[in-house]
Amino acid sequence: MAPTAEFCGIDPEQMGALATSLRGAADRLTAFSREFEEKLGRYGIGTPALREIVDIADWGGRQVSMLHGRIDLIKTLGNGAPELGGAGGTGGAASIAAGGPGLIRLPDELKDFDIAQGLARMYGENILVNFHGESQAKLIHEHIDEVAELADTPQAAAAFFALLSPKVRDSLPNLIANTGSKTAKQDLATFSKVLGAALNAPALVPAFAQVRADLVKPADNRAAAWNRLALLKGANAPSSVRSAATRALVLDDFAKKPRQDWRAGGPAETKAYGLPSDLVAMGLEVLAGDGTAVRDVFARMGGAEVTLNRTDKMKLFLDYAKEVGTGDQVADAFGRVAEAGSEATTEKPGQHSPEAAAFALDVIKVAGSFGTALPAVAKDSMGVIANSYVHELVSGGRFDKAADRASSMQIPKHWEAFPGVTPAFYLNPVDTSQFMKTFVGEDKVADAFKSTVARFRHDTLLAAARLDAQSDNNHFRDISMMFGDFGSIAFRTTVDVLGEEDAVADLARDFTKNTAGFLLGEIPIAGPVAELGWGITQAYIVSSASDAWADSFETQVDAAKKERSDLAKRLKYDMASLLHSGGYPASEPPKELINATTSTLKTYDEFVAEAKREAIGNKRWEQVLQQKLAAYEDWMDGNDKLDEKIESSSRVQTSDLAENLLKVQARD
């Protein structure tokens, strides 16, 4: 039918009357043709025309069956739709167009509804109830592609689930798993995807409203609750459904009485789907990835009976995880829920929304209260949050202003903002250190965070150099000091977790790796150059803070590289390179100091590489290097303003004040 702006619809009662009339007409045609075929046959007269009438009557009979089936389907799918002016009526376009009560609105997908009905009957009334074991598994998978196609038509997907019995729907994961099917995980994922399409449908099939309501109400038992959550897990359901379902099925009760046995998933289900047996963990699994749902749950979990604030609710999960055998399942899921609520992977660092940032602040304080005792499976999620909230953590190490501040969403009194550093909340140094303890020592997680800090340092200092080049407000020095404070706290935190010897060894390993791998041919690679700059800063902080640490670091680096680390010169050259790249006023550097490809000042390690290539005869490469560095020093000394900026910015990064103040605050 061609599209029309006019109202089009079906009246089931009149359609029924039409079907009855058509049935009567077909019966009369059949009787007529038989009567006259018999009479004419007595006289040997052929009756092909009468046979055509019989065919017409048969067609009419088939249409009657189709119409009755269509009427039943429409009534079933329309069940629960509000009548015009009745309770729940919306007065929408469909109701207005009808001009009277009794109208239900269904999308114009009747053919797809027929397909959905056929599949619902095949699975719900046959395959899932009349078969068992291997044969049942084969039949479930044999028709799964047909089920998958329903996801392309959300209303048909809704019809499919509306036409399944509640008993079958609520036990679907269990029924599939108990067949022992090797494709159980794939099959359940298909049913979940179709359910998700139905839940996200732009127009609701009325009968599906009951399905939706059933999903978000308490289950009769924990096994049923687990099944419902397992079906929702891969549905990508709307935030409102995830929030309501997880609260009703487990989390409200958990908030009221957490110390119970929450195991619900059986061995067959957990093995087939790779899902946790713990019902609390399953609730968190459904929430993971949906920050809106996560924040809503933590705001409302437990209802009016529970007066815990959000941080107390977070602690419930971590305390429970440390007490039970299924604790790793809970802690792992909690970590990913914390990521989602913080929007750690969906929002950009330094640009976090207030609601996500407030959630992240609570996560940081709660996780930090556990420190190294945080369950290991949650540590990688803390690293993800740390990378996303690098502005907040680095500025959390500052001691130049409001050193006694409390961690808060509010800007501390006397706080001075730095360009390019845009925290959404303000940590104090103790909370900063405590949170970093949750992932220090986890090599992969810690290395990722170091890389993030390194890039942040490089980009922020470069931007500060550009600003100071226009109007020197000492942004470069101030930001250098901030990273110096943070580096000092970061190392102190590492010492607290790993011990002095391992902390210095870890720093030496990073330094050696970064200095060895940042050149591609003769061209510095941007990422490793930034990481080397941060590594130099940390190493210089450590070597300045303790002679013992400095000796240990130098010994380990020298053993690995067969050359001295020359930290002071490396740091000065890193500062000089950033200022030069930012356009800070200075005379043109000698040609031999500039990388011809990048047009930037050469790094210390480029000079080392050149010296080793150019050392010939009896000339040692160290002598060649000193000649090259002398030219660099002459250029810097000849630019007083630049030289002063380099010196002051280097020196403010090496104070042990931050570390000492952190010790005092931690004791308090």
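The values are calculated or read from the model by the stated rules, or taken from the named source; none is laboratory data. Not measured: the values here are computed from a predicted model. All Cβ positions, glycine included, derive from the backbone under ideal geometry; neighbour counts span all protein chains shown.
Where residues in the stretch 552-596 are under 24 Å from Val652 (Cβ atoms), acidic (Asp, Glu) and part of a helix (DSSP H, G or I), which of them is modelled with the highest pLDDT? Checked the stretch 552-596; the qualifying residue modelled with the highest pLDDT is Asp574.
Just checking, how many residues over the stretch 622-640 are part of a helix (DSSP H, G or I) and surrounded by 17 or more Cβ atoms within 10 Å (Cβ to Cβ)? Before the answer, list the steps.
In the first step, residues of the stretch 622-640 are kept if they are part of a helix (DSSP H, G or I); the result is 622-637, 640.
Retained after the next criterion (residues that are surrounded by 17 or more Cβ atoms within 10 Å (Cβ to Cβ)): 624-625, 628-629, 632, 635-636.
Total meeting the criteria: 7.
Checking the stated criteria, Gly441 turns out not to satisfy the condition of being small (Gly, Ala, Ser) and either part of a helix (DSSP H, G or I) or under 15 Å from Leu579 (Cβ atoms) (or both).
Looking across the stretch 251-279, the residues that are farther than 18 Å from Val337 by Cβ, in a helix (DSSP H, G or I) and of a type in the set (A, V, I, L, M, F, W, C) come down to Ala268, Ala272.
Within the stretch 279-305, the set of residues being on the phi < 0 side of the Ramachandran plot and either in contact with a strand residue (DSSP E or B) (Cβ under 6 Å, 6 or more places away or on another chain) or surrounded by fewer than 19 Cβ atoms within 10 Å (Cβ to Cβ) (or both) comprises Thr292, Ala299, Arg300, Ala304, Glu305. Could you count how many residues in the stretch 414-437 are at positive phi and modelled with pLDDT under 95? Matching residues across the stretch 414-437 total 1. When Arg222, Arg310, Arg295 are checked against the criterion of being within 22 Å of Lys167 (Cα to Cα) and out of contact with any Lys or Arg (no Cβ under 7 Å at 6 or more places or on another chain), Arg222 stands alone in meeting it. Within the stretch 245-261, at least one residue is within 27 Å of Pro154 (Cα to Cα) and either surrounded by fewer than 20 Cβ atoms within 10 Å (Cβ to Cβ) or free of Cβ contacts under 8 Å to residues at least 12 places away in the same chain (or both). Criterion applied to Ser171, Ser192, Ser165, Ser181 was being hydroxyl-bearing (Ser, Thr, Tyr) and surrounded by fewer than 18 Cβ atoms within 10 Å (Cβ to Cβ), and the one residue passing it is Ser165.
I'm trying to understand the selection: among the residues of the stretch 332-388, which are in a loop (DSSP other than H, G, I, E, B), more than 12 Å from the chain's Cα centre (by Cα) and either free of Cβ contacts under 8 Å to residues at least 40 places away in the same chain or farther than 16 Å from Val440 by Cα (or both)? Walk me through how you get there before you give the answer.
Restricting attention to the stretch 332-388, the residues satisfying the condition of being in a loop (DSSP other than H, G, I, E, B) are 342-353, 374-375.
Right, trim to more than 12 Å from the chain's Cα centre (by Cα) and you get 348-353, 374-375.
Within the stretch 332-388, Lys348, Pro349, Gly350, Gln351, His352, Ser353 meet the criteria.
Pairs linking a residue in the stretch 604-625 that is under 19 Å from Gly535 (Cα atoms) to a residue that is crowded, with 19+ Cβ neighbours inside 10 Å and of a type in the set (Ser, Thr, Tyr), with Cβ atoms under 7 Å and 6 or more positions apart or on different chains, are Tyr604/Tyr573; Asp605/Thr515.
Determine whether Arg247 is over 24 Å from Thr190 (Cα atoms), at pLDDT 95 or above and part of a helix (DSSP H, G or I). It is true that Arg247 is over 24 Å from Thr190 (Cα atoms), at pLDDT 95 or above and part of a helix (DSSP H, G or I). Which of the residues that make up the stretch 438-465 are touching a residue at least 60 places away in the same chain (Cβ under 8 Å), polar (S, T, N, Q) and either at positive phi or buried (at least 23 other Cβ atoms within 10 Å of the Cβ) (or both)? Selection gives Thr438 alone.
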